[in-house]
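Accompanying notes for the structure given below.
The values are calculated or read from the model by the stated rules, or taken from the named source; none is laboratory data. Given the structure is predicted, the values throughout are model-derived calculations rather than measurements. Cβ placement follows ideal geometry from the backbone for every residue including glycine, while neighbour counts extend to all protein chains displayed.
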Amino acid sequence: MRAKGAYEVGASHYPYMIMLHSSFFVSLIIEVMYGNAIQTPDYLLLIVFLGLQLMRIWCLMSLGSFWNTKILILPGATLVKKGPYAFIPHPNYVIVCLEILVIPLMFQAYFTALCFTILNAWMLTVRIPIEGKALKEATKSL
């Protein structure tokens, strides 16, 4: 996308988001290995998790070459309004929120589920407004 003229917004919070998601997995592993969590997954929640992955694939296929973990804005591009984006503006964020809740609950890692659900929600209160404002400004003329 950068080769087509895309520029990044919200770069200052991106390293914190990477740290948050990396810390999530470290916390999960520690809680499952050394805490009171179970090491055998709850299979109903495993099915929910697999369903979330199908939803993610739908998001990725709908966005095509626009998919990125960074907030890249391509001036003059039309916002994607197909697939799950026809129903909600940020379906992948919904999926990530549910994963951060479901994955630890699958192993009864309640501390990780609670802490990182709250931290991720806080991160999204920073990220979504930045992304929304940038997309609105870049697509005003469309």
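This table checks each residue for (1) farther than 28 Å from Gly76 by Cβ; (2) free of Cβ contacts under 8 Å to residues at least 40 places away in the same chain.
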site	(1), (2)
Tyr7	no, no
Ser12	no, yes
Ile18	yes, yes
Ser23	yes, no
Gly35	yes, no
Leu50	yes, yes
Gln53	yes, yes
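Of the residues making up region 38-75, those that are in a loop (DSSP other than H, G, I, E, B) and of a type outside the set (Ser, Thr, Tyr) are Ile38, Gln39, Pro41, Asp42, Trp67, Asn68, Lys70, Leu74, Pro75. Take the conditions over 22 Å from Ile128 (Cβ atoms), in contact with a helix residue (DSSP H, G or I) (Cβ under 6 Å, 6 or more places away or on another chain) and either surrounded by 16 or more Cβ atoms within 10 Å (Cβ to Cβ) or of a type in the set (D, E, K, R) (or both) and apply them to Val48. Does it pass? So Val48 passes the test. Checking Trp58 against (1) aromatic (Phe, Trp, Tyr); (2) touching a Pro at 6+ places or on another chain (Cβ under 6 Å); (3) more than 25 Å from Lys4 (Cα to Cα), which test does it fail? Among (1) aromatic (Phe, Trp, Tyr); (2) touching a Pro at 6+ places or on another chain (Cβ under 6 Å); (3) more than 25 Å from Lys4 (Cα to Cα), Trp58 violates only (3).
Checking Ala77, Ala86 one by one, the residue that is over 30 Å from Glu31 (Cβ atoms), out of contact with any His (no Cβ under 8 Å at 6 or more places or on another chain) and without any contact (Cβ under 8 Å) to a residue 12 or more places away in the chain is Ala86 and no other. Of the set (1) outside any loop (DSSP other than H, G, I, E, B); (2) surrounded by fewer than 15 Cβ atoms within 10 Å (Cβ to Cβ), all apply to Tyr85 but (2). Do we have Thr78 as in a loop (DSSP other than H, G, I, E, B) and either of a type outside the set (A, V, I, L, M) or more than 24 Å from Ala3 (Cα to Cα) (or both) here? Yes, satisfied. Contact map, region 127-140: residues that are under 13 Å from Lys70 (Cα atoms) paired with residues that are in a helix (DSSP H, G or I), Cβ distance under 9 Å, separation 6+ or inter-chain. Pairs shown: Arg127/Tyr14; Arg127/Met17; Arg127/Tyr93; Ile128/Tyr93.
Screening the candidates Ala37, Ala77, Ala134, Ala138 for the property of being over 22 Å from Glu8 (Cα atoms) and at pLDDT below 95 yields one hit, Ala37.
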